[in-house]
């Protein structure tokens, strides 16, 4: 029993990177389908930038870091690594509910900015993204707000793909 308690304590104290979940194949297919506008199975820099919340300032840098085979495209094998700096991707990879439960330190079923920073990849912009996700402006994120925040980027891309197919 002492070993189980010790292992649990070590896991809870571990850095967030040790908690990072492997993204599901379904999630990866969903992302590629939404972002790959020309349906060639690879993302160009322009296609990738639509996934990168920091694209304006860091998109090209993130793209180059993710393009591990240096062919000027992000393919399916490189996609998870290329998106590793994206908060929305980290949340969706782990699952919004288990991620929320893990970072809700005081188990009050709401996140404050300190708790949110445990998952945020936005550095100095974390608070700005937290505020934009706080739909009811109560200075906390509940699970619904947290999940919607994570889904927003991907949902926007999927909606754009549907509009393109419909010829709008």
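The values are calculated or read from the model by the stated rules, or taken from the named source; none is laboratory data. Just so it is clear, the model here is predicted, and its values are computed rather than measured. All Cβ positions, even for glycine, are placed from backbone atoms using ideal geometry, and neighbour counts span all protein chains on display.
Among the numbered criteria (1) modelled with pLDDT of 95 or more; (2) under 15 Å from the mean Cα position of the chain (by Cα); (3) not in a helix (DSSP H, G or I), which single criterion is violated by residue 40?
Looking at each condition in turn, residue 40 falls short on (2).
Quick one: which of 112, 104, 71, 108 is buried (at least 18 other Cβ atoms within 10 Å of the Cβ) and over 17 Å from the mean Cα position of the chain (by Cα)?
Values: 112 fails: buried (at least 18 other Cβ atoms within 10 Å of the Cβ); 71 fails: buried (at least 18 other Cβ atoms within 10 Å of the Cβ); 108 fails: buried (at least 18 other Cβ atoms within 10 Å of the Cβ).
Selected residue: 104, the only one of 112, 104, 71, 108 that is buried (at least 18 other Cβ atoms within 10 Å of the Cβ) and over 17 Å from the mean Cα position of the chain (by Cα).
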